[in-house]
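Just so it is clear, none of the values below were taken in a lab; they were calculated from the coordinates. Just so it is clear, the model here is predicted, and its values are computed rather than measured. We place every Cβ from the backbone using ideal geometry, glycine too, and count neighbours over all the protein chains shown.
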């Protein structure tokens with residue numbers, strides 16, 4: 001297999017889209033792609049990575065996010081709905097508000113380290129997910145406007161599923177922080193969506209010829 005590279009901002013953007021897509025899955029189906037879920041959750045705990053790709057354990061772990069990015073940014077006129085990009089935009093907006101609040105940002109960082117201590121062999125164990133959900137509720141969720149998640153009432157009202165959704169929103173915030181750190185911004189995205197889509201398609205082509 002030939003090697004390939006993906007710009008760091010596209011990697012981070014795929015991370016945001018992956019978290020957003022998983023939120024939608026959980027809210028509508030009550031279950032998620034477990035491998036993608038693990039990638040998103042584990043990214044929260046990688047606070048000092050060697051690279052953007054390392055945050056997610058490698059670009060190959062972002063296949064669902066790259067596909068979602070490609071489908072929504074590559075074919076805007078054929079988007080099935082605005083739910084996922086709506087979550088993405090909301091996460092980007094809340095990330096800006098979070099970063100401007102140094103005290104809340106410090107609280108999130110301390111909280112992540114505390115939750116990591118709950119790990120008993122799996123960072124997706126219920127205790128860890130519950131801890132991340134509480135952290136999100138106590139910090140980012142206090143910022144306005146809050147992200148409104150749409151889905152089936154039986155899943156939104158289920159405590160375990162609600163915890164997964166909040167933990168995934170925190171993962172989306174983590175990816176949005178990374179996106180800013182590597183130079184991503186909404187103006188660049190607006191004028192560079194074709195570049196992002198091309199990078200996603202190239203990466204997916206190398207991972208899987210069928211995309």
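Structural remarks
- Take every pair of alpha-carbon atoms less than 8 Å apart whose residues are at least six positions apart; their mean separation over the length of the chain yields a relative contact order of 39 percent.
- For region 1-114, the spread of Cα coordinates along the three principal axes comes to 41, 36, 27 Å, biggest extent given first.
- Semi-axis lengths, Å, the chain, gyration tensor of Cα atoms, sqrt of 5 times eigenvalues: 25, 19, 18
- Rg over Rh [alpha-carbon atoms, Kirkwood Rh] for region 83-174: 0.97
- Label sites at residue 191 and residue 51, each approximated as a point 7 angstrom past Cα along Cα to Cβ, lie 2.8 nm apart.
- 0 to 90° range, to nearest 10: angle between helix 126-138 axis and the chain longest Cα axis: 90
- Over the chain: helical MRE at 222 nm, DSSP H runs n ≥ 4 each giving -39500 (n - 2.57), nearest 500: -22000 deg cm²/dmol
- P(r) of region 143-211 over all Cα-Cα pairs, binned every 10 Å from zero, in whole percent: 16, 29, 32, 23, 0
- Cα centroid of region 26-49 to Cα centroid of region 188-203, whole Å: 23
- The angle separating the long axis of helix 159-181 from the principal Cα axis of greatest extent in the chain is about 50 degrees.
- Gain upon complete extension [residue 97, residue 157; 0.36 nm per residue less C-alpha separation]: 18.8 nm
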